[in-house]
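What follows is a short report on a single structure.
The values are calculated or read from the model by the stated rules, or taken from the named source; none is laboratory data. As the structure is a prediction and not an experimental result, all values here were calculated from the model. Reconstructed Cβ throughout: ideal geometry from the backbone, glycine too, with neighbour counts over all protein chains shown. Heads up: the accessible areas ignore ligands, DNA and RNA and are worked out on the full protein's heavy atoms, side chains in. Shrake-Rupley method; radii C 1.70, N 1.55, O 1.52, S 1.80 Å.
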Amino acid sequence: MKPAPALAEGFPDLSGMRVAREPHWFRWFSAALIVLVLAAIARAFANGQIEWSYVSRFLTVKVILEGIVNTMVMAVLAMALGIVLGIVVAIMRLSPNPVLKTVAAGYTWLFRGTPLILQLLLWFNLALVFPTIGIPGLWSARAVDVMTPFLAALLGLGINQGAYTSEVMRAGMLSVDIGQYEAAQAIGMGRLRALRRIVLPQAMRVVIPPLGNEFIGMVKATSLASVIQYPELLHNAENIYYANSRVIELLIVAGLWYLLVVSILTPLQMLLERRFARGTLRLAR
Amino acid sequence: MTKPLVAIRSVSKNFGEFQALKSVSLDVWPGEVMCLIGASGSGKTTLLRCINQLATIDSGGIWLDGELLGVREQGGRLHRLSEREIGRQRLKTGMVFQRFNLFPHKTALENITEGPTQVQGRKSDEVRAEALELLRRVGLAAKADSYPAQLSGGQQQRVAIARALAMKPMLMLFDEPTSALDPELVGEVLAVMKELAKSGMTMMVVTHELGFAREVADRVVYMDQGAIVEQGRASDVLGAPREERTKAFLSAVI
Amino acid sequence: MTRLSLSLGLAALAAVASAQAAELPAEIKQAGALKLTVNSTYAPMEYRDPATNELVGLDIDLANELAKRLGGLKIVWSETPFAELIPSLQTRRADFIISGISDRASRRETADFVDYLATGPQFFVMAESEAKAATDLCGKKVGTTRSTSFPVEIEKWSKQNCETAGKPAIQYVPGENSIDVRNQLKQGRIDAAVQGSETLPYAQTQEPGKYRIVGEAFAKGYQGIMIRKDDSALREVVTEKLTAMIADGAYKAILDKWGLGANAVAQPMLNAAPQ
């Protein structure tokens, strides 16, 4: 065997030298600038015409706390409805049956194509179109008795959410390698069982980050239900300032609570992501 | 006279304009180990997928264990079977995929027990015991609780073979089972397949591993452009091919 | 020209100039326009004509007449929800508020009211309702716009007239605005509704025969032009012009045009509402 050839001249050995740390002058400068701006804003707010005593006084008052509970209850229930609908509609959309496909596409088009607040108002005022609702022969009731603010909010928020969730779920299901579906079929599984046991669980990993995001959006979307008299946080805060004219102070109270809820939900979503990544070594960042 | 386990008669399959199978006819006998060789696009994988109905044929018929697959003859016309019926027919075959396709969210053991418990509705303790035995048989008893991501390619493919066997099929289909493996892992999978062949399982193997074919195959079938060009004993087809195209293919491959 | 006459002349000029400044705030005079905010969902006080989408109403007409008499000022209108009216006065987005707003003690912290219209909440029902007297509404569901002072009025009235008589209290149901409240009445979500007596004649002309007023306006009050407390000059000049309008009949003409002749006041009052 020939010995290795001698190395060429002119290329020094740098292995003893370390790379110096860059001073990043611009980063320091911009950070200082931002701190200054924030300090100026904080000072402006402190000196502004806000009666902070009203903020602290109403922050934990019973009506506000009830509002938060109602907000969260509605967010959870509407999201649950939205997820169930989303899965069903996504499966319909991916079905070989053209009728199911069209119905699914139509549902998505209709409920993504109209503003949420419009949908809430329509549900709440359903009795203008259908004074009585029911199943002929079995049961009937006045629409206004059935369509309470709670139900109208739940239907409006949930069905609207379903349209968005179905797209997320569909993308998630399509992201699962088709080989998985074929392997399931090869051991005799039908389409629905393969979806349920093999495809959907894998789709969940892709779907959790956007769904977590949607849930956080839902918590805030519940504030739209204030116009149909659902007593959530914003509605109750408004009632207080209608009585005492402290508009900004009460809006700050409501805003702080929304911020708090979202700040708690964000790390919870990360925990959920981790659980669904079980079985794979890579975690989506 | 015994009947063939698989009888393929004048089967054609098109993908749009492209003719993947051109009126192919073939018999596969019980206990036979058949290797299908050929260039990609020759139709060998398509043929396999038609047998377990992952692909639907456009004309002709395939009988498995005497039963016509995918359709029912009635009043002189063919009617497609329901999804349920097709699922039932698929239970007679087991398939091993080139890319393993193990379920990543289930352990090795769970991958194997999934079919018998969910599809066949069998009792979980029985199934578990059998699954552990299968894992032992493919040399992976220690990996029962590992997830696919924790296994090497060769180990995954062996689990995939066990998964297919758990359904107690009468025919095993292998679609290029070692093509996606690093060279040093190929041997362990081929060893499992050899043991399976020895145990009497009917196997159809699409492969490029001519050494394996020579050693284990009862019959080698060379396909090109959607048709069978030559078939016969491994020593004949591989050692002394008659057709020009077969010779050309073999010299390119070796 | 002697020094004395010059200084006297200058003093006279200064006096006249300051007297004129006391009439109308300088910035309004300079702008040549009044900035006014209204909540335009309150027919017939201020609303958008469904046919032409123009901003019309009793308050609009009164404001236009006032602006004319204040030296031909233009008006720059802006619209907000009811709850934003007071803030827009506080932030000086509006020079004063004339928007069907009730004079209430709780609102007089930073502003004064020049009362110009008698009003009061009033019950009304669908024409086919069985309620005949206001006390028939005890125990029933009554709705009104939640951002107004009416929920409190209803509660007070209910205490005085229902609970003291041993009857069940009125159940208050909130609504977003007067149209929403009427919608809920039509659907049967509420048995009766409450609106300012100034809006009912209009509602009845829009949908003839649909509604029926029940009882008298309870809790008599006034609607006032809301002016910042420190804007006394503006308040004086507005009161002056309004008095003139009442005297020469222009005020009555506008009220009659909108069917509210019965709500007229004899002269503008300052913070006259009783509470």
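Some observations on this one:
- Across the options B:Ser146, A:Ala152, C:Thr52, the greatest Cα extent toward the positive end of the charge dipole of the protein assembly as shown (unit charges at beta carbon of Lys, Arg, Asp, Glu) belongs to B:Ser146.
- With the simple spin-label model, which puts each label point 7 Å out from Cα in the Cβ direction, the B:Lys22 to C:Arg48 separation comes to 7.1 nm.
- Chains A and B together bury roughly 2100 Å² of accessible area, counting both sides, with a 1.4 Å probe on protein heavy atoms only.
- Residues of the stretch C:182-226 whose accessible area (probe 1.4 Å, heavy atoms of protein chains only) drops by at least 40 Å² once all protein chains are present, relative to their chain alone: C:Gln187, C:Arg189.
- When only the Cβ of Lys, Arg, Asp and Glu is charged (+1, +1, -1, -1), the dipole of the protein assembly as shown relative to its Cα centre reaches about 1600 debye.
- Note on B:Trp29: accessible area approximately 80 square angstrom, rounded to 10, probe 1.4 Å, nucleic acids and ligands left out.
- Note on C:Lys35: lysines with a C-alpha under 23 Å away, same-chain residues under 8 apart excluded, are C:Lys68, C:Lys74, C:Lys229, C:Lys241.
- Mean Kyte hydropathy of 1.6 or more with a Cα span along the axis of at least 18 Å, helices from DSSP in chain A: A:62-93
- Annotation: extensible slack from B:Ser235 through B:Glu67 equals 57.2 nm (criterion: 0.36 nm per residue apart, minus Cα-Cα distance).
- FRET efficiency estimate (nearest 0.05) - Cβ-Cβ, B:Ser59 to A:Leu128, R0 51 angstrom: 0.30
- A Cβ-based charge dipole, computed about the Cα centre of chain A with Lys and Arg at +1 and Asp and Glu at -1, lands at about 760 debye.
- Once the Cβ-Cβ distance of A:Ala46 and B:Glu184 is raised to the sixth power relative to R0 = 60 Å, the FRET efficiency obtained is 0.30.
- Each part gets one Cα centre, and for the stretch B:98-171 versus the stretch B:1-31 those centres are 30 Å apart.
- Here the simple spin-label model places points 7 Å from the Cα toward Cβ, and for B:Glu215 and A:Leu77 these points are separated by 6.7 nm.
- In this structure, A:Ala141 and C:Glu130 have a Cβ-Cβ separation that, at R0 = 30 Å, corresponds to a calculated FRET efficiency of about 0.90.
- In sequence order, the stretch C:29-42 has phi-based couplings of 4, 4, 5, x, 8, 9, 9, 10, 10, 10, 9, 7, 10, 10 Hz under the Karplus curve 6.51 cos²θ - 1.76 cosθ + 1.60, θ = phi - 60°, and Gly or Pro positions carry x.
- Stretch gain in nm, segment C:Gln206-C:Ala266, where the contour uses 0.36 nm per residue and the Cα spacing is subtracted: 18.7 nm
- Short-range pairs are left out: with C-alpha atoms under 8 Å and at least six residues apart, the relative contact order of chain A is 25 percent.
- Separation of the alpha carbons by more than 19 angstrom is noted, of C:Lys132/C:Lys210; C:Lys210/C:Lys252; B:Lys194/B:Lys247; B:Lys106/B:Lys198; C:Lys159/C:Lys220, for C:Lys210/C:Lys252; B:Lys194/B:Lys247; B:Lys106/B:Lys198.
- The stretch C:121-213, relative contact order [Cα under 8 Å, separation at least 6], %: 45 percent
- Ranking C:Ala264, B:Val216, C:Phe82 by Cα position along the charge dipole of the protein assembly as shown, where only Lys, Arg, Asp and Glu carry charges on their C-beta atoms, puts B:Val216 farthest toward the positive end.
- Dividing the mean sequence gap of close Cα pairs (under 8 Å, 6+ apart) by how many residues chain B holds gives a relative contact order of 26 percent.
- Using only side-chain charges placed at the Cβ, +1 for Lys and Arg and -1 for Asp and Glu, the dipole size of the stretch C:121-213 relative to its Cα centre rounds to 120 debye.
- With DNA, RNA and ligands ignored, accessible area of A:Leu118 (1.4 Å probe; Å², nearest 10): 70 Å²
- With the highest mean first, a sort of the peptides B:160-169, A:107-116, A:84-93 on other beta-carbon atoms found within 10 angstrom per residue produces B:160-169, A:84-93, A:107-116.
- Sequence-distant lysines (8 or more away, or on other chains) whose Cα lies within less than 17 Å of B:Lys13: B:Lys22, B:Lys44
- Accessible-area composition of the protein assembly as shown, carbon plus sulfur, in percent [1.4 Å probe]: 59 percent
- A crude spin-label estimate for the pair A:Val88 and A:Arg18, with each label 7 Å from Cα along the Cβ direction, gives 6.4 nm.
- Chain A, helix-only ellipticity at 222 nm - DSSP H runs n ≥ 4, -39,500 (n - 2.57), divided by all residues, nearest 500: -23000 deg cm²/dmol
- Buried solvent-accessible surface, both chains (C, A), 1.4 Å probe, Å² to nearest 100: 1500 Å²
- Area of B:Arg9 that stays accessible when all protein chains are in place (1.4 Å probe, Å², to 10): 100 Å²
- Label point at A:Ile117 placed 7 Å out along Cα→Cβ; residues across the stretch C:62-80 whose backbone nitrogen lies under 13 Å: C:80
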